[in-house]
Structure formats: structure tokens, C-alpha cells
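Nothing in this text is a laboratory measurement; each read-out follows from the coordinates by a stated rule. These numbers come from a predicted model, not from an experiment. Here Cβ is always computed from backbone atoms with ideal geometry, including for glycine, and neighbour counts include all displayed protein chains.
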Protein chains: 2
Amino acid sequence: MIPIEPKIFLVGAGPGDPDLLTVKAVALLRAADLILYDDLVPPPVLALAGPQTMVVNVGKRCGTKKITQLEINRRMIAAARRGMRVIRLKSGDPGVFGRLAEELDALEAAGIPFEVVPGITAGMAAAASLRVSLTDRRKSSRILIVSGHQAQENRRAEKTDWKALAGEDTTLIIYMPGRDLSAFSHELLEAGLSGAIPAVVVSCTCTPQQREWCTTLADLPAVSRTDAPTILLIGPSLARASQRADSDHRTPEPEEDLTSLLQLIGAAPPTLSLSEGPNRRIAR
Amino acid sequence: MIPIEPKIFLVGAGPGDPDLLTVKAVALLRAADLILYDDLVPPPVLALAGPQTMVVNVGKRCGTKKITQLEINRRMIAAARRGMRVIRLKSGDPGVFGRLAEELDALEAAGIPFEVVPGITAGMAAAASLRVSLTDRRKSSRILIVSGHQAQENRRAEKTDWKALAGEDTTLIIYMPGRDLSAFSHELLEAGLSGAIPAVVVSCTCTPQQREWCTTLADLPAVSRTDAPTILLIGPSLARASQRADSDHRTPEPEEDLTSLLQLIGAAPPTLSLSEGPNRRIAR
């Protein structure tokens with residue numbers, strides 16, 4: 001019926017807002033036989049799956065069962081070999097801290113055809129939601145993207161030379177910085193960065209639950225009780241967000257309704273409602 | 001008719017392939033009164049504009065007339081004040097080397113409401129098209145994004161400490177590296193990186209004209225005659241692309257047809273054909 005080859009599509013689900021999915025991702029989700037998705041992909045995105053689609057959570061942090069990477073690889077390959085149209089759905093962009101490399105190794109070893117479909121990565125979506133630019137030719141000439149987990153490992157090995165890495169003309173984006181932000185603050189101050197450099201923590205980016213904390217590098221340790229997932233952005237180009245927060249304490253604007261946007265571009269609304277859709281079909 | 005507020009939307013057009021636009025971008029393009037677009041946004045994306053939309057090239061490299069940033073700001077603001085729904089359409093993600101900060105300054109000074117809609121940035125799209133991951137927890141723990149133009153300025157000022165910046169566990173993405181890639185090769189080798197590190201040049205990412213050169217840091221100077229725009233990716237996570245290029249000299253897969261993908265998600269095909277659409281309406 002739908003002209004999609006029997007191959008595996010490793011697809012970026014974007015930051016959470018279904019309006020920020022790509023046209024291609026929406027088409028693939030609707031046509032899939034099987035979607036294997038990570039924990040961070042929210043229900044409104046999964047609701048775009050077709051009525052025939054089996055939607056399976058393979059999040060490694062899900063509930064009681066811990067699914068290993070090997071098991072995810074095994075399931076993808078087995079389904080593709082049965083001729084199913086398989087989507088491996090990863091939050092954000094699949095190539096950014098998504099363990100994509102390990103899955104590609106497995107698919108190449110098994111000789112399964114595959115395609116990678118990029119998605120909006122959370123750090124860039126967070127910046128857009130803050131209405132800031134990540135670069136600014138007057139003061140921010142580069143972007144450095146790291147993960148909190150990796151930073152912690154490097155910290156133990158004393159491998160991260162923040163002084164060279166995070167000059168004051170850098171916008172630093174830290175994915176999953178964890179709850180204790182004081183280590184980042186401490187290390188960056190020690191590396192010589194000014195305590196006045198703007199720092200913004202964004203939790204639950206591009207979902208109705210998004211929250212923002214606009215602060216400075218020096219005051220970062222005071223930010224706590226954030227809801228995961230969070231993104232930490234540090235750099236002079238974030239000043240705009242802090243200035244606005246000071247002036248108006250704005251609350252995030254209400255999300256546009258997905259159905260109305262899909263109608264705007266001429267698409268039928270999703271065939272399943274959120275309450276009966278993915279839940280009914282979710283397996284573990 | 002269409003419920004979009006009279007404000008300015010600064011929208012990411014993604015890397016070039018209209019299938020990689022977000023759902024939100026497509027909806028906004030169809031509903032706009034005026035689209036001010038940069039040179040790098042290709043005709044198939046502009047063809048999604050509504051029949052009522054005025055589509056204007058404000059690319060700073062376009063033809064005979066050089067449009068200044070001040071003039072772009074002035075046009076945006078004047079149109080918004082006349083109550084038009086204005087889209088400022090930027091290739092890739094608006095917050096990455098797009099001079100967004102200067103436009104936001106102007107909009108804030110003028111008191112015009114605005115929203116930023118993220119797009120897939122060219123470097124991440126290039127990696128997906130190469131079917132590689134930008135990070136790999138076994139060997140690539142961070143991503144550094146720089147622009148060739150900025151690197152050149154820093155080179156003159158001797159500001160870039162590549163040794164610290166581009167460790168061998170970094171994936172380096174250089175936007176607009178220019179035609180002479182030997183300076184990057186030379187500097188990175190001098191900083192101690194191995195000449196065997198994979199380097200890939202991608203030109204015209206995610207368009208039917210995409211071409212790829214898979215090489216190494218040492219052999220990078222031999223890559224020439226690339227068509228702008230190009231992206232240069234350097235790092236161990238690119239090894240997969242080089243290995244495949246060695247084994248099969250593959251050509252890029254044909255692009256899916258936009259109309260068929262929009263039909264897949266239930267949308268009507270664009271109302272204007274590419275040949276008569278944007279050209280007829282393009283003003284300078």
C-alpha cells in the first residue's frame with residue numbers, strides 16, 4: 001500500500017513537540033509496521049503512528065525491565081528480517097548522544113539496509129524556545145556540545161580542559177547535566193570564565209512542561225529541583241534570555257494545537273486519540 | 001482565515017530537502033503573507049509558500065544588489081507593522097551562524113513580537129545523510145561546531161587553540177570551510193591530531209546535488225573543486241563513511257519525491273509547480 005522499502009529507518013523524533021517533527025518523520029511513523037522508541041519520546045509523537053503500527057518502548061530506563069542495547073539490536077534486526085517496516089525512533093537527533101553508532105554497527109554486521117533521518121536536537125530547540133541565537137558573530141563564534149555523563153567520566157580522569165574548550169566566545173550546550181550543577185559551575189570558574197556569564201537551564205524542552213531557569217555561571221549551583229530531561233546552556237549569547245526573564249518573568253507561550261497545525265498543512269488529524277492510542281498498543 | 005498572529009516568525013528551513021522541514025515550518029510557509037529568505041534556501045522549499053505569499057530573496061550574496069542586514073531588518077519590521085504575517089526563512093537552524101542575534105536585536109528594539117522556529121542544522125543533516133553518528137560513547141564524546149569564516153579570523157589573530165579544542169574524541173563540524181581546506185588540515189596536524197583521522201567534505205547537503213569526499217585529515221588538501229555550500233566533518237566517528245566509500249563507491253540514494261511524502265501524511269500537494277511557482281513571485 002505505502003511505498004516504503006523494507007529497511008530500518010533510524011529517525012530523530014525531535015525535542016518533544018510533534019510540530020517539530022520533520023515531514024519525513026511523520027510520513028514514516030504513519031507507514032511503519034513497528035516503532036521501537038526511547039523513553040524520552042512523548043505520547044503526542046507516538047500518537048502519529050498508523051493504526052497498523054506496533055509501538056514498543058525500548059527505553060533503557062523504562063519501568064521494571066531493563067532492555068540492553070544488544071536486545072534492542074536483536075529486535076530491530078529480527079523484525080526487519082520478517083519484512084517489517086521498522087522505525088527506530090530516538091529523541092532529538094539520532095546522531096547526538098543516542099547510541100546510534102552501536103546500532104549501526106549491528107545493522108552493518110547483519111547486512112540490513114538502513115537510513116538515518118535527522119531530527120531537531122534538544123539543545124538547538126531549547127535555544128529557539130528561549131528565542132536566542134547560539135552564535136553571534138559579535139561575541140559567540142562556536143558551539144560546543146557535550147553530555148553531562150561524559151563530562152563526569154572525564155572529570156574522574158581529569159581529561160576536560162575547560163579553559164581551552166569553553167572560551168568566552170563559546171556557547172556551551174550540556175545534555176543531561178544531572179541534578180547537581182555545581183561541578184560545572186566550579187570547573188568553568190576555575191578555568192577562568194567570568195561568573196557573570198549567562199547560564200540557562202531548560203527542562204522538558206518543547207513540551208507543555210517546559211521550564212526555564214535563567215541565571216549566571218556563578219549562581220548556577222542554586223538551580224535545583226529541575227525535572228529531567230534538562231539541557232544546560234552557557235555563554236554570552238544567552239544574555240538575551242536572562243534580560244527578558246529579569247524584565248517580565250514571562251511564562252512560556254501556550255503550545256499550538258497539533259491537530260490544527262496538521263490541518264493547516266492539509267493533513268488529516270491523527271486517527272487515534274492520545275488516550276486510547278499508544279497506550280493500547282504499547283508493549284514492553 | 002488562518003489563525004496565525006501578526007508576528008514575525010524566524011524559521012529554520014533545514015538543510016535543503018523539503019522533507020526535512022518541520023511540520024510547523026510547512027504550516028507557517030503556507031500561511032505567510034511575506035517570506036524573506038536567504039540565498040541557500042532552495043526552490044522546492046519556497047514552492048511550499050501559499051498562493052497569496054510574496055516570496056522575496058534577501059540573500060546577501062544575491063545577484064547584482066547587495067542587501068544589508070539593516071535593510072533586511074527594516075523590511076521585516078515595516079511588513080509586520082503593516083499587519084503582514086512575516087516569515088524570516090533561514091537555511092538550516094536559525095540560531096547557527098545565521099546572524100539571528102542581530103535580527104533579534106532589531107525586533108526587540110522595535111517592540112515587534114517574534115518567535116524562533118528551529119530547523120535541522122546542515123552539519124547534523126550531513127552526518128545523517130552519510131549514515132554516521134556524530135557521537136560514539138566509545139570514541140567521540142563531544143561535538144564542536146565552528147564556521148570557516150570565523151576560523152579564518154581567529155587564524156589571523158592566532159586565537160584558535162586547536163590542540164585543546166579538537167581532541168581526538170571530538171567530532172569537529174566546520175560550516176562554510178571555503179575552497180582551500182589545507183589550512184584546517186595543517187593546523188589540526190600541527191596541533192597533534194593524527195593524519196589518519198577521517199575527514200568528510202559534503203557539498204549541497206540534502207539536495208539532489210549532494211556530493212561527498214571521504215578522506216583523512218592528512219589528505220584533506222587534495223579535495224578541491226567542491227560546490228558551495230560545503231560542510232567539513234572531522235573525527236573518528238566519521239570512519240564508517242570512509243569505510244563504506246572504500247568498499248562500494250556508493251552514489252547517493254535518489255531523493256524521495258516531495259509530493260509523495262506529503263501525500264503519505266495526508267497533505268495536498270503544493271498548489272504551485274516548481275517551474276511557475278516561486279520564480280513568478282520572487283522579488284528582490
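DSSP beta bridges in segment A:123-248, what fraction antiparallel, as a percent rounded to 5? The partial results should precede the final answer.
Working: 16 of 22 bridges.
About 75 percent, rounded to the nearest 5.
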Q: Would you kindly calculate the translational diffusion coefficient of segment B:123-248, applying Stokes-Einstein with the Kirkwood radius from alpha carbon pairs, for 20 °C and a viscosity of 1.002 mPa s, and quote it in µm² s⁻¹ without decimals?
A: 149 µm²/s
Q: Distances from A:Gln52 to the same position in the other copies: list them in nm, one decimal, shortest first, using label points 7 Å from Cα along Cα→Cβ.
A: 3.9
Q.
Please compute the contact order of segment B:1-147 in relative form: average sequence separation of alpha-carbon pairs under 8 Å and at least six residues apart, divided by the residue count, as a percent.
A. 34 percent
Q: Please tell me the relative contact order of segment A:123-248 in percent, rounded to the nearest whole number, where contacts are Cα pairs under 8 Å and at least six residues apart.
A: 31 percent
Q. Say R0 is 30 Å: what FRET efficiency, to the nearest 0.05, do A:Arg81 and A:Ala228 get from their beta-carbon distance?
A. 0.25
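Is there a pair in A:Lys90/B:Lys24; B:Lys24/B:Lys139; A:Lys7/B:Lys7 whose C-alpha atoms are over 31 Å apart, and which pairs would that be? Present the calculation step by step, with values, prior to reporting the outcome.
Working: A:Lys90/B:Lys24 20 Å; B:Lys24/B:Lys139 35 Å; A:Lys7/B:Lys7 42 Å.
Pairs exceeding 31 Å: B:Lys24/B:Lys139; A:Lys7/B:Lys7.
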Q | Label-point separation, A:His149 to A:Gln69 (7 Å along Cα→Cβ), nm | A | 0.9 nm
Q: One decimal, nm, shortest first: give the distances between the label point of A:Gln152 and those of the same position in the other copies, each label point 7 Å from Cα along Cα→Cβ.
A: 4.3
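Between B:Ala191 and B:Gln52, 0.36 nm times their residue separation minus their Cα-Cα distance comes to what?
On the way: separation 139, 0.36 × 139 = 50.04 nm, distance 5.43 nm.
Taking B:Ala191 through B:Gln52 to full extension adds about 44.6 nm, to one decimal.
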Q) Between copies, how far does the label point of B:Arg211 sit from its twins, in nm, shortest first, when each point is 7 Å from Cα along Cα→Cβ? A) 5.3
Q. Could you state the number of Å between the C-alpha centres of segment B:85-109 and segment B:200-241?
A. 28 Å
